[in-house]
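For reference, the structure is listed below as structure tokens.
The values are calculated or read from the model by the stated rules, or taken from the named source; none is laboratory data. Owing to the predicted nature of the structure, the values given are computational and were not obtained by experimental measurement. Quick reminder, even Gly has a Cβ in these numbers, built from the backbone with ideal geometry, and neighbours come from all protein chains shown.
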Amino acid sequence: MIAVVDYEAGNVRSVLHALERIGAGEVRLSADPEILRSADKVILPGVGDASVALESLRRSGLAEVLLSLTRPVLGICVGMQVLCRHTEEGDVDGLGVFDAEVKRFIPDGIKVPHMGWNTVEGKGCALLEGLTDPVFAYYVHSFYAEISPDTAAVSVHGIPFSAILQHGNFSGTQFHPEKSGPAGAKILQNFLSL
Amino acid sequence: MVCKRIIPCLDVKDGRTVKGVRFEELRDAGDAVELGARYAREGADELVYLDISATREGRNTFTRLVTEISRRIDIPFTVGGGIASLQDAARLLEAGADKVSINSAALRTPSLIDEIAGHFGNQFVVVAIDAREVDGRWTAATHGGSRLTGRGLFEWAREAEKRGAGEILFTSMDHDGTKAGYPCGTYRKLCGELHIPVIASGGAGTVDHIADVLTEGGADAALAASIFHYGEITIPVLKQALSERGIAIRTI
């Protein structure tokens with residue numbers, strides 16, 4: 001069973017639909033710690049403000065549950081950023097799974113938000129397995145995770161940033177695999193087969 | 001580097017696409033989901049669905065359609081047409097839309113932009129501006145360009161950005177439907193005044209027009225309807241041509 005974490009983080013419908021399209025089997029949208037602990041895979045979606053998402057995760061106790069999970073967890077977009085060490089968005093500490101700082105893009109010669117399709121490069125990254133270069137993914141974000149020891153793939157928008165983070169059983173994508181066409185579907189499949 | 005986007009726009013009335021879409025392999029060209037899926041397969045980077053229904057039933061049908069699009073289509077899509085309140089935006093978000101496009105309602109009530117962006121994020125709000133050049137001044141218009149407002153294009157776009165718009169979709173009503181190209185200088189100026197992406201719409205007749213607005217005009221994306229629907233330019237041919245001109249384009 002795959003659990004998609006249900007918390008105040010915007011629309012999760014597109015993630016559910018993407019899982020349905022790839023035939024992911026049983027998917028549950030839940031905030032129940034028991035369901036999250038018994039799931040084979042957990043997906044943490046997220047849209048909007050990372051500091052609001054963090055506040056919600058901490059208040060509900062979901063933060064602690066997430067950190068205790070030993071099976072594969074995938075954070076998407078803001079769901080990835082909340083797993084980082086700290087974010088400039090609201091100047092709050094993240095859950096600290098990924099050793100990366102989340103910073104705001106400076107609109108100096110680049111558009112902010114970074115919106116649209118960009119190439120993702122990550123040799124040996126398990127989530128990109130079976131995809132041939134160039135891999136394009138869909139992004140919508142104004143904050144980015146800096147390059148860190150946990151960076152498994154990189155994109156460039158003015159500066160290089162973490163497209164995929166990976167640490168232990170946790171993975172995170174800054175882009176939206178659920179909106180990234182066939183390449184995104186493959187990335188989700190790769191996560192499900194971790 | 002972020003790619004320039006190609007965005008087909010589909011007009012929907014009472015749940016069905018309008019305009020003479022002709023694709024032999026589609027059993028039902030009026031099926032908005034099928035048509036969108038076809039464009040997605042061909043390499044469209046996003047889709048825009050505009051609801052032109054005038055009735056309440058038409059709007060309800062559109063909301064159901066948005067759910068079906070979200071289920072079937074694996075690229076982002078924007079919905080627009082008649083969105084006049086936070087509730088309208090919330091209903092479409094709940095149905096699965098990635099973004100909403102607001103136009104005349106934002107001109108009437110600019111705080112609607114703050115309200116929707118505040119609840120659902122800047123990325124969710126596209127502010128569409130129709131404008132025409134009157135006595136040398138680009139002026140925002142409503143009702144298909146027929147009613148001029150007092151607002152200048154550039155100052156209105158800057159205000160929309162400040163209020164929380166994630167993108168500006170600018171259509172020149174002087175060029176829309178002419179197939180004579182876009183006003184590239186105006187796009188260049190608009191892009192220079194904003195930090196958010198700008199989508200060009202209205203006027204494309206050839207591949208060169210689209211290439212020009214993405215390069216000289218500096219636009220981040222080009223939206224078109226009839227040239228795609230009538231098969232005058234197909235998305236794979238367009239993308240290949242743009243790519244050959246050195247424009248960063250997603251290939252599939």
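Miscellaneous remarks
- Counting only helices (runs of 4 or more DSSP H) that fall entirely inside region B:65-171 and contain at least 1 residues that are modelled with pLDDT under 95 and under 22 Å from residue B:202 (Cα atoms), the qualifying elements are B:104-108.
- Answer from B:185, B:231, B:217 - the residue that is surrounded by fewer than 24 Cβ atoms within 10 Å (Cβ to Cβ), assigned to a loop (DSSP other than H, G, I, E, B) and not charged (D, E, K, R): B:231
- Qualifying residue in region B:197-211 (condition: within 15 Å of the chain's Cα centre (by Cα), within 14 Å of chain A (Cβ to nearest Cβ), free of Cβ contacts under 8 Å to residues at least 40 places away in the same chain and farther than 26 Å from residue B:146 by Cα): yes
- Inside region B:213-233, residues that are at pLDDT below 95 and closer than 17 Å to residue B:40 by Cα make up a count of 9.
- Looking only at region A:126-160, and only at residues there that are assigned to a strand (DSSP E or B) and more than 12 Å from every other protein chain (Cβ to nearest Cβ), the one that is surrounded by the most Cβ atoms within 10 Å (Cβ to Cβ): A:145
- Any chance residue B:61 is among the polar types (S, T, N, Q), surrounded by 17 or more Cβ atoms within 10 Å (Cβ to Cβ) and touching a residue at least 40 places away in the same chain (Cβ under 8 Å): yes
- Look at (1) surrounded by 21 or more Cβ atoms within 10 Å (Cβ to Cβ); (2) assigned to a helix (DSSP H, G or I); (3) within 13 Å of chain A (Cβ to nearest Cβ); (4) not basic (Lys, Arg) and you find that residue B:37 fails only one, number (1).
- With respect to the conditions (1) in a strand (DSSP E or B); (2) β-branched (Val, Ile, Thr); (3) farther than 24 Å from residue A:118 by Cα, residue B:178 lacks only one, and its number is (1).
- Just one residue in the set A:102, A:5 is within 18 Å of residue B:94 (Cα to Cα), buried (at least 22 other Cβ atoms within 10 Å of the Cβ) and touching a Ser or Thr at 6+ places or on another chain (Cβ under 8 Å); that residue is A:5.
- From the list A:111, A:123, the one residue that fits, being facing chain B (nearest Cβ under 9 Å), charged (D, E, K, R) and without any contact (Cβ under 8 Å) to a residue 24 or more places away in the chain, is A:111.
- The set of residues in region A:165-194 that are in contact with a Gly (Cβ under 6 Å, 6 or more places away or on another chain) and away from chain B (no Cβ under 14 Å) comprises A:165, A:172.
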